[in-house]
Every structure is written in C-alpha cells, then in structure tokens.
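Report on one structure; see the data block that follows.
FYI, it's all coordinate maths here, none of it is from the lab. Remember, it's a predicted structure, so these values are computed and weren't measured experimentally. We place every Cβ from the backbone using ideal geometry, glycine too, and count neighbours over all the protein chains shown.
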C-alpha cells in the first residue's frame, strides 16, 4: 500500500512547536446505547464509514443519534490528499453487492436521512459512478422515505460519469472544494480547483441541490476564504460548510492555526450575505454534520433572518 505523503524535515521544523489545540475543540467520547447499536450494524454488515476512516470529531454525537455517513467503493483511495486520514493505495475490486448491504443497514438503523460518500476510484473507467447510482437506487427501493445526501468525487472531469449521479437525483449532491485555490495543489494533490467548481456548476445546471465544504487552518488568508465563498455563491451552490482542519497524524499537513469561533461566525454571515441558502460554519463542523437540515430549502436562511431580527 502506498504511504500518504510524509511532511518534510523543513515542514516539521516549521511546525514546531505545534500549535496548541484550544478548548473550543474539545469533543465528547462516543458512548451510549445508540452508538453501540450503530457500531454493531457497521461491523455486522462490513460497511465502511468516513466517520471512522476520516477520524471525524463528531462521530460520538452523530452515532449517538443513530446516524452515520457510509463510505462506498471500499476504504482505500487512489488519491493522496495531504489532509485525509483515509488510506491511499491500490483498492480492492469493486464489490457489486455493496449497494444492497448499505441499503439494508440504513433500513435496520431506521434513519430518515442518510449520507453517502466514497473514496476516489481513478483506476476505474466509470470512476465508481455505476456503484454510486446502484447504491442510491438500492437505498431508495428499501427506504422510500429516507432522504439522501451524496458526497461525491470529481470523477476526473468525466462528465458522463457525473451525469449518472444527476440521473438518479439524490436530494443533495455535495462535492468539497476543501481549501482555497492557492493551496489546492498542496492540500488536494491530484485535484483541480476549477474542475471542482465546474463539477458543482454542472450539478446545479442538472437540477441538483448542491453543497460544498471548506477546511480552515491550513494557511489560507481571510480574503481567500471570502473569494472561495463568493465563487461558490456565483455558481449557485445551496449549502456550504466551513470547519477547522485537524491533523490526522504526523504524516499529514500540519495545522497552521486554529481559527476562532468568532471568525467562523464572520464567514457564516458573509456567506448568507452572498446569497448562499445554508451556511454551516464552526470549528467542529464537518461536511455531513447536521446534514439532515441541509435538505430543506430556505431552512438555514430563515433561521439566519430570525436571528438578525431578534438581535
């Protein structure tokens, strides 16, 4: 298996001493009967979750509520992003039974809203889009009342593969920008900033409710975050999440700074001012956090307006 990129000695020296983690980033340990129930289902059905593979800080809260984000197409990615805890290397062969297993697990969990994501499968001609479409169909067949968010890859700009997602029309389709344009090559080594923007634009033109996410704390400047938000707004993106980057291991990119909650609040306000329908912004926010609320058009903007009127 190919190792994820190791930071250089110069990077390590520059990162020392490490930036101290502030108290607003404390999270609760995963406990409780609901959490154990979800844990058992995931293990029994041999499912992969980004909650585990991505070391999500909200796993205890979300799993305690009986929800999880399922990662399809295996747990080995063909890309080597500098921020991601998912293993990089040669993936296992496609498991054509996986869509049904995911659908059955969602049925057993009795969730009203499910999030699906995947590793990048750049070695496949279809980029994994057939499994994606089959999984959405299987979930819908067994769980007709369950709404779906799909956090998809860019399919290397093969828009025929992207069309397969549009054709099965999940309630929300998400693709994360992850960072600002200047840092994209460093943070998302095999990705392209404007290719991701084009994927989001094409999804919107296809009638999808679209969503994207940005990590902060990797060295971006405030004006760059605002520029990215504006570009997302200009492309009609409905939902944007902003959260603090947390370094998964010493082999990943270091945290340059911990962004204060007040700055996250500024970005939330700016996003709404730009016309984005739902802006989720805070240190512990991840792309699937509170995703059940992101399905509802106008929900975020309504609460934002109520907050302004009550201020």
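Here are some notes:
- Residues located in region 208-232, provided they are in contact with a helix residue (DSSP H, G or I) (Cβ under 7 Å, 6 or more places away or on another chain) and over 19 Å from residue 286 (Cβ atoms): 208, 219, 224, 226, 231
- Residue under evaluation residue 275, criteria (1) at positive phi; (2) within 18 Å of the chain's Cα centre (by Cα), criterion not met: (2)
- In region 108-132, the residues that are farther than 22 Å from residue 294 by Cβ and surrounded by fewer than 21 Cβ atoms within 10 Å (Cβ to Cβ): 108, 122, 123, 124, 125, 126, 130
- The number of residues in region 139-160 being buried (at least 19 other Cβ atoms within 10 Å of the Cβ), outside any loop (DSSP other than H, G, I, E, B) and touching a helix residue (DSSP H, G or I) at 6+ places or on another chain (Cβ under 7 Å) comes to 5.
- Single match in 179, 184 (criterion: surrounded by fewer than 22 Cβ atoms within 10 Å (Cβ to Cβ) and under 26 Å from residue 82 (Cα atoms)): 184
- Residue that is more than 18 Å from the chain's Cα centre (by Cα), in contact (Cβ under 8 Å) with a residue 40 or more places away in the chain and crowded, with 24+ Cβ neighbours inside 10 Å, where the choices are 240, 259: 259
- Every listed requirement among (1) part of a strand (DSSP E or B); (2) surrounded by fewer than 23 Cβ atoms within 10 Å (Cβ to Cβ) is met by residue 167 save one, (1).
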